[in-house]
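Chemist: Below is a structure I'd like to ask you about.
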Amino acid sequence: MKFPNEDVRYEQLFRVTSKFHSTMNIDAVLEEVINTLQDVYPSFTYTLFLAHDNKRHNVIPIKDIQEYEHGENSLVMQAFVTGKLQLEDSVSDKKSIIYAPLKGRQGVYGVLQINAHYSLVFPQSEIQFIELLANTAGHAFENAQLYQQSKQLIADLQLINETSHKLNSNLRLVDTMTFMSSQIKKSFGANEVGFFLQSNEQIEVLPGSTTFFEEGNGEQYVLYSLKRILAEKEPLFIGDLQVDPSFRKSSFRSMMSVPMVQQNEILGVAIVLHESPYFFSFDKFKLLQSLIHHSSLAFTNSILREELEKLVITDYLTKLYSRNHLEDCIQESLETDAFGTFILIDIDDFKGINDTYGHQVGDEAIVQIANLIKENIRDHDIGARWGGEELAIYLPRVDLASGIAVAQRLGKRVEAYSNPKITISCGVATWFKEYKETFQSLFHRADNALYIAKQSGKNQVIASESKVIEGHS
């Protein structure tokens, strides 16, 4: 074979060096190496063995050098480990092969294999040129890799900073978890993201988890993750779930599971899934750990704050809303809605229940009615304990006739299902925006209607117009 003259070789080397200095893209560096070699030695074949994952490249023949760690081609690993060019001459196959390490300042990043068919001996000048090209490519590869690593590090730090800032802004729990889920899906390319709390052997799916987990399809992943994390006290980084026989039919292959820890106690776990095997890099795994570590305090703060708020606005005995919260909701409705209906409820002869059965049974009677109220109103209606044996319901954007029907239905169910048998009386009042009513006047009208119901024989629903509505019996 006729080799190119020295001027051609070094003109190509100058050109490729200039190109290396103008790019910080690893794929561009590798592609330029192959293009240069093909220009200088068009009849040779080339393969790159790399220590990092660049197999995504569709143009360059790239192999993972780790595959040859214990394989037959020991010269690939020898060049990689020693950082020195290796030669292989085969008389029988009539070929010479060069293994040139891609060497930078900080290490060796791969090996360039050049197969010279039908050429038994490489001239020393060609070996020197190839070695120089490989070293130049190694430095360029290293610079590009360091640049991309620094860019990724900056992006990761920005993600952590942005997330921490957002989570420290006293978001509601659903907003906190939804934000975290979107950040992880965007930054990690995940198919599914789930957050789970473990309490009293119960597992709660937190809001913000993707639909897959919210619909209960991820139980296998959650139980598996919690079992291993609690036993090993370490997060999980699994490249291929199907290696485990219990996940042979799993739709997802890659999984990262990181515990949510507060004061050395594992509160729950965050799980990230992807359908492809070995999809997440170890750097992404470390980033997820950092994100969850920084976010766990915000999670628990949101949960505690909402539990405290719930206690403040919830009656301890009945678990209905408190009177203050009901008043606030009615006041807001008066300002934003066109009409609404208020129902004031009193247990008939409640003193007799306490005197006959005791105060504990009296409390149980109140709880029975509270549970029936919850079952008979919509999600956005408000049931509350007004005080003592009095309860209340507010129905936003509901007219008087519908309000009376709700009160009558409730009265019939209380009479049918209570034990001991009790009845209730109800006063109903409706407001309309054009009359500019206040909460106080609405309450007084309902209270007056309730008084009439009590004076008229009890077990009745009375509207604020003082018209007696048919009783429940």
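Chemist: If you add up the charges near ASN135, with Lys and Arg at +1 and Asp and Glu at -1, over every other residue whose beta carbon is less than 12 angstrom from its beta carbon, what do you get?
Modeler: Working: positive: LYS84, LYS103, ARG105; negative: GLU131, GLU142.
After counting each charged neighbour, the total is +1.
Chemist: Please list, in chain and number order, the residues 5+ apart from THR314 or on another chain whose amide H is under 5 Å from its amide H, with Hs placed from the backbone.
Modeler: Counting only residues 5 or more places away or on other chains, the set is SER322.
Chemist: For region 323-469, what's the relative contact order in percent, using C-alpha pairs closer than 8 Å and at least 6 residues apart? Spell out each step's value before the answer.
Modeler: On the way: 259 pairs, mean separation 44.5, N = 147.
Relative contact order, region 323-469: 30 percent.
Chemist: Still on this structure, please answer the following. Stick to Cα atoms and the Kirkwood definition of Rh, then tell me Rg/Rh for region 327-386.
Modeler: That ratio is 1.10, to two decimals.
Chemist: Report, by chain and number, residues whose modeled amide H sits under 5 Å from the one on GLY268, excluding near sequence neighbours (fewer than 5 apart, same chain).
Modeler: GLN198, MET260
Chemist: How many nm separate the modelled label positions at ASN324 and GLU275, each set 7 Å beyond the Cα in the direction of the Cβ?
Modeler: 5.2 nm
Chemist: Report ³J(HN,Hα) in whole Hz for each residue of region 319-333, in order, from the Karplus equation J = 6.51 cos²θ - 1.76 cosθ + 1.60 where θ = phi - 60°; Gly and Pro get x.
Modeler: 6, 7, 5, 7, 4, 4, 5, 4, 4, 4, 5, 5, 4, 5, 5
Chemist: Find the relative contact order for region 168-308 and round it to a whole percent, using C-alpha pairs within less than 8 Å whose residues are 6+ positions apart.
Modeler: Values: 219 pairs, mean separation 35.1, N = 141.
In percent, rounded to a whole number, it is 25.
Chemist: Can you pull the one-decimal nm distance between simple spin-label points at LYS351 and HIS380, each 7 Å off the Cα toward Cβ?
Modeler: Taking the simple label geometry, LYS351 and HIS380 are separated by 4.2 nm.
Chemist: Let me ask you something else. Once amide H atoms are built 1.01 Å from N in the peptide plane, which residues 5 or more positions from GLY340, or in another chain, come under 5 Å H to H?
Modeler: Amide H neighbours of GLY340, under 5 Å, 5+ apart: ARG397, VAL398, TRP431.
Chemist: Go through LYS351/LYS458; LYS186/LYS286; LYS186/LYS233; LYS185/LYS284; LYS227/LYS284; LYS351/LYS421 and tell me which ones have a Cα-Cα distance over 19 Å in this structure.
Modeler: Details: LYS351/LYS458 14 Å; LYS186/LYS286 16 Å; LYS186/LYS233 28 Å; LYS185/LYS284 12 Å; LYS227/LYS284 23 Å; LYS351/LYS421 14 Å.
Among LYS351/LYS458; LYS186/LYS286; LYS186/LYS233; LYS185/LYS284; LYS227/LYS284; LYS351/LYS421, the Cα-Cα distance tops 19 Å for LYS186/LYS233; LYS227/LYS284.
Chemist: Would you work out which of GLN262, PHE213, SER199 lies farthest towards the positive end of the dipole of region 187-274? Charges go on Cβ: Lys and Arg +1, Asp and Glu -1.
Modeler: Checked the options; the winner is PHE213.
Chemist: Per residue of region 257-263, what does 6.51 cos²θ - 1.76 cosθ + 1.60 with θ = phi - 60° give for ³J(HN,Hα)? Whole Hz please, x for Gly and Pro, Karplus curve as stated.
Modeler: 10, 10, x, 9, 10, 9, 6
Chemist: What is the antiparallel percent of DSSP beta bridges lying wholly in region 374-473, to the nearest 5?
Modeler: Working: 7 of 10 bridges.
Antiparallel bridges: around 70 percent, rounded to the nearest 5.
Chemist: Tell me, what is the FRET efficiency for SER199 and PHE282 to the nearest 0.05, using R0 = 22 angstrom and their Cβ-Cβ distance as r?
Modeler: 0.10
Chemist: Loop-only GluC sites (Glu not before Pro) in region 190-282, please: DSSP not H, G, I, E or B, and at most 11 other Cβ atoms within 10 Å. Don't skip to the end; give the middle numbers.
Modeler: Working: sites: GLU192, GLU201, GLU204, GLU214, GLU215, GLU219, GLU232, GLU265, GLU275; in loops: GLU201, GLU215, GLU275.
For GluC sites (Glu not before Pro) across region 190-282 that sit outside H, G, I, E and B with at most 11 neighbouring Cβ atoms in 10 Å, the list reads GLU201, GLU215.
Chemist: What Kirkwood hydrodynamic radius, in Å, does region 168-308 give when the mean of 1/r is taken over all pairs of distinct Cα atoms and then inverted? Don't skip to the end; give the middle numbers.
Modeler: Working: mean 1/r = 0.0662 Å⁻¹.
After inverting the pairwise mean of 1/r, the radius is 15.1 Å.
Chemist: How many percent of the alpha carbon pairs in region 323-469 exceed a separation of 24 Å? Working shown, then result.
Modeler: Working: 2830 of 10731 pairs.
Beyond 24 Å sits 26 percent of the P(r) for region 323-469.
Chemist: Further, regarding this structure: Karplus couplings for region 196-210 from phi (6.51 cos²θ - 1.76 cosθ + 1.60, θ = phi - 60°), rounded to Hz, Gly and Pro as x?
Modeler: Coupling constants for region 196-210: 9, 9, 10, 8, 6, 6, 9, 10, 10, 7, 6, x, x, 5, 5 Hz.
Readers should treat all values here as calculations from the given coordinates under stated rules, not as data from a laboratory. A quick note: this is a predicted structure, and the numbers were derived from the prediction, not measured. For neighbour counting, all protein chains shown are included, and Cβ atoms are generated from backbone atoms with ideal geometry for every residue, glycine included.
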